[in-house]
Amino acid sequence: MNIPFVDLAAQYHTIKPQIDLAIANVIADTAFISGSYARKFEEAYAKWLGIKHVIACANGTDAIEILLQACGIGPGDEVIVPANSWISTSEAVSFMGATPIFADVDPKSYTIDPDQIEAKITSRTKAIIPVHFYGLAANMDAVMAIAQKHNLLVIEDTAQAHGATWKGQKVGTIGHAATFSFYPGKNLGAYGDAGCMVTNDDAIAEKARMIANHGQLKKHDHQMEGRNSRLDGMQGAILSAKLPFLNNWTSSRQENAALYDQYLGDMGIQLPYTPADATHVYHLYVVQVPDRDRVKQAMKDAGVQCLIHYPMPLPFLKPYADRNPQPADFPVVHAAKDRILSLPMYPEMTEEMIAYVAKKLQAALEVKV
Ligand SMILES: *Cc1c(COP(=O)(O)O)cnc(C)c1O
């Protein structure tokens, strides 16, 4: 059997008529940039999420940058981010002229550790960006309590966690504002780059919308210099066509994760953990195994594509080398970095496929080296 890490074509085949029609409509209307299809998606996504404002933009990285700017964060400011994320989370902070400060994660949930946030707060700290990592809601009670105590903004990076909840509330609606990515492989994926910003705050929403469209809310009425970060009409139409399926896809991911839990339960390896107050939407299903690189290669030889998210924790990447980070500064991500392994995960996987992955993982783990 050959099992890819994700299979976007498999999903397209289940919704081909809807997608093809959506694309044809945009071409017929020549509504290519922003416009009615982007607006329709914003409205549908706001309703699905349960939030006042959705501002579509070009991608999930721009979304973080623009929200930081809309919140007035810039040079001299510090923003606390988790020590494991995709680089966008820290990159966006640096791009706005502020400094990303890394906080280690909790060893079980692998989301930002509230105690580590507290330890990193200085007089320059302006915001926290919790990441709902791998699809699991971060501990938002603790994050919001710390933010309130120290008067900090909370911008949720929800790129991996469309529909995940904390105490029954969808993530992305708990902080002051949040960002989503609709990169094709994300749980709700466009057919190109796309992203959005969301908030219940009217002032943040207006500023963000202005920045994303050359500083204007009305054409040629430039209130400030902004930038070009808009959603393509094509992506808006595709996302609108896909949104009605998202809840079912999430359920399928959760069912697949439950099957993995069952098949892998006796192997003595660390499986994904979901705290009682959180739900997990399994953008990724990440296990921790000994001898990871050999196991990953053995899986590949058996036809199973596994990946690593991410091979190097953020503080140890080259752009931050001048800070001279030590393993003891970030013990959790440092200890996990050579053990984490992401198994294939997408809604269209069958139980037979999951059983096959489990069997091959067992065989790889049993090899004595
Ligand atoms: C994908 C991702 C982003 C960036 O989204 P793009 O749309 O690729 O720019 C930001 N943060 C996290 C955690 C992500 O996984």
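The values are calculated or read from the model by the stated rules, or taken from the named source; none is laboratory data. From a predicted model like this one, the values you see are computed outputs, not experimental measurements. Every residue, glycine among them, receives a Cβ derived from its backbone with ideal geometry; neighbour counts consider all protein chains shown. Protein only, heavy atoms only, side chains kept; ligands, DNA and RNA dropped before computing areas. Shrake-Rupley method; radii C 1.70, N 1.55, O 1.52, S 1.80 Å.
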Would you list the P(r) distribution for segment 94-244, with all Cα-Cα distances sorted into 5 Å bins from 0 and each bin expressed as a whole %? 2, 9, 15, 19, 20, 17, 11, 6, 2, 0, 0
Greater than 29 Å apart at Cα, pairs in 40/170; 167/318; 52/108; 318/360; 170/318; 186/300: 167/318; 52/108; 318/360; 170/318
Qualifying GluC sites (Glu not before Pro) for segment 262-369 [loop in DSSP, other Cβ within 10 Å: at most 13]: none
How many Å² of accessible area per residue for the chain, probe 1.4 Å? 42
Label-reachable residues, segment 263-279, where backbone N falls under 18 Å from a point 7 Å from residue 351's Cα toward its Cβ: 263-266
Mean Kyte hydropathy of 0.0 or more with a Cα span along the axis of at least 30 Å, helices from DSSP in the chain: none
Sites residue 320 and residue 271, calculated FRET efficiency, Cβ-Cβ separation with R0 30 Å, nearest 0.05: 0.50
Work out from phi, with θ = phi - 60° and the Karplus expression 6.51 cos²θ - 1.76 cosθ + 1.60, the ³J(HN,Hα) of each residue of segment 319-326, listed in order in whole Hz, and give x for Gly and Pro. x, 10, 4, 5, 7, 6, x, 10
With residue 102 itself left out, Lys, Arg at +1 and Asp, Glu at -1 over residues whose Cβ is under 12 Å from its Cβ give -2
How far, in nm, would the chain grow between residue 220 and residue 20 when pulled straight, counting 0.36 nm per residue and subtracting the alpha carbon separation? 68.6 nm
Which residues qualify? For residue 307, with a placed amide H closer than 5 Å and at least 5 residues away or on another chain, they are 342
Whole-number D in µm² s⁻¹ for the chain, Kirkwood Cα-pair radius fed into Stokes-Einstein, 10 °C, 1.306 mPa s: 75
Of the chain, which part is the longest with no trypsin sites (Lys or Arg not before Pro) in a loop (DSSP not H, G, I, E, B) and with at most 10 other C-beta atoms within 10 angstrom? 1-217
To the nearest 0.05, what FRET efficiency results for residue 122 and residue 201 with a Förster distance of 22 Å applied to their C-beta separation? 0.30
Nonlocal amide H pairs with residue 270, under 5 Å, H built at 1.01 Å: 288
May I ask what percent, to the nearest 5, of DSSP beta bridges between residues of the chain are antiparallel? 60
Reach of residue 242 by Cα under 17 Å, taken over aspartates and glutamates that are not fewer than 8 positions away in the same chain: 7, 20, 42, 43, 193, 232, 348
Taking H as built 1.01 Å from N, whose amide H comes closer than 5 Å to the amide H of residue 33, not counting residues under 5 places away? 233
Most fluctuating residue given options 123, 94, 342, as computed from a GNM of the chain linking Cα atoms under 10 Å: 123
Ordered by residue, what ³J(HN,Hα) values in Hz, to whole numbers, does segment 174-181 give under the Karplus form 6.51 cos²θ - 1.76 cosθ + 1.60, where θ = phi - 60° and Gly and Pro are x? 9, x, 6, 6, 8, 10, 10, 10
Okay, helix-only estimate at 222 nm for the chain: each DSSP H run of n ≥ 4 adds -39500 (n - 2.57), divide by all residues, round to 500 deg cm²/dmol; what do you get? -12000 deg cm²/dmol
Using r as the Cβ-Cβ distance of residue 108 and residue 27, and R0 as 30 Å, what FRET efficiency do you calculate, to the nearest 0.05? 0.05
